[in-house]
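A.B. asks: Got a structure for you, written out below as structure tokens; questions coming shortly.
Read the figures in this text as sums done on the coordinates, not as results from a lab. What you are looking at is a predicted structure, and each value in this text was computed from that prediction instead of being measured. As a convention, Cβ positions derive from the backbone with ideal geometry for all residues, glycine included, and neighbour counts pool all protein chains shown.
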Amino acid sequence: MNPLALVLVLVAACAHAAWNLLSKQAAKTDSLTFLWLVALASTAVWTPLFAGFLLVTGTGVGWRDVALVSVSTALHLGYFVLLQRGYRYGDLSAVYPVARGTGPMLASLVAVLFLGEHPGPAGVAGIALVGVGVFMMSGGAARDLRGLGYGLATGVFIAGYTIWDAQLVSAFAVAPLVLNYLGEAGRALALAPVVLAGGRRRLVGQIWRAHRWHVLGAAVLIPLSYLLVLFAFTMAPVSVVAPTREVSVLIAVLLGGKLLAEGDLRRRLLAAAVILGGVVTIALS
């Protein structure tokens, strides 16, 4: 792999694990209000770059783009809501690997069932490895199992937006930065009535005062982790970049074990390694 591409992917993996750590640390707050604040802050932070991109490149944003991105926005919204709920009931070191591993596994299954793809023995083995890793990860308490359930459901939405977003930036030629920015703005708009029109309005100030750095950190890191990978795709094959970025699974488990003092670190590292091995095998098959 190109050395610069490798650095971008590893930084992206760290950024992805880091914003999940921030989300976990804020998991006891109202999830929808927290996610709305993150989306709102992200839209504000990234507006100058988005506006500069449109001016420099002359890229236009039409109603077709908005309609296509709205589907992606709905899928990402489901992803964020379920992931945040998972962190309320389960540990970062358990929920994150299950969600990240289930997504590629389900995306591969969808490709087989509906897109006419036929994985070889390595692809089948990778899917099986992810399943084994998830089973190993489920050996905790009932509270962990509830969190893992949300992690599995999150994986469904990861598979959905992975397949849809790939079509947007390839078949429909939607610029990645446009997709990313409109997605953040779309989530802010979608959650605004839920947060501002109900009893959650009084929580906005409370959560901002208690978790402003978690909000701002996630607002910067969520788009950054995605954009760094997109840049890496221009320097190295997808088949190399995609599995390399999943090192974030191991980083998240270490963050949960060391910084959050989550238990059973050895077993979870082993299970995360099995899931990572399955994802890598799927990507390289």
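A.B. asks: For the chain, what is the charge dipole size about the Cα centre, in debye to the nearest 20, if Lys and Arg each add +1 at the Cβ and Asp and Glu each add -1 at the Cβ?
C.D. replies: On the way: 19 positive and 10 negative charges, 188 e Å.
Charge dipole, the chain, about its Cα centre: 900 debye, nearest 20.
A.B. asks: Over the residues of region 146-193, compute the C-alpha Rg and express it relative to 2.2 N^0.38 Å. Kindly include the intermediate steps, with their values, before the conclusion.
C.D. replies: On the way: Rg = 13.4 Å, N = 48, 2.2 N^0.38 = 9.6 Å.
Expressed relative to 2.2 N^0.38 Å, the Cα Rg reads 1.40.
A.B. asks: Further question: Based on the alpha-carbon gyration tensor of region 1-118 and its eigenvalue square roots a ≥ b ≥ c, which shape applies: rounded if a/c is under 1.5, prolate if not and a/b is larger than b/c, or oblate?
C.D. replies: Values: a/c = 1.37, a/b = 1.14, b/c = 1.21.
Rounded is the answer for region 1-118, as its axis ratio a/c remains below 1.5.
A.B. asks: Which shape class, rounded, prolate or oblate, goes with the chain when its Cα gyration tensor gives a ≥ b ≥ c as root eigenvalues, a/c under 1.5 marks rounded, and past that a/b bigger than b/c marks prolate? Before the final figure, lay out the partial values.
C.D. replies: On the way: a/c = 1.60, a/b = 1.09, b/c = 1.47.
The shape class here is oblate.
A.B. asks: Return the Cα extents of region 33-86 along principal axes one, two and three, sorted largest first, each rounded to a whole Å.
C.D. replies: 41, 24, 12
A.B. asks: Next question. Rounded to whole Hz and in sequence order, give me ³J(HN,Hα) for region 9-25 from the Karplus expression 6.51 cos²θ - 1.76 cosθ + 1.60, θ = phi - 60°, writing x for Gly and Pro.
C.D. replies: Karplus values, whole Hz, x for Gly and Pro: 5, 5, 5, 4, 5, 5, 5, 5, 5, 5, 5, 5, 4, 4, 5, 5, 5.
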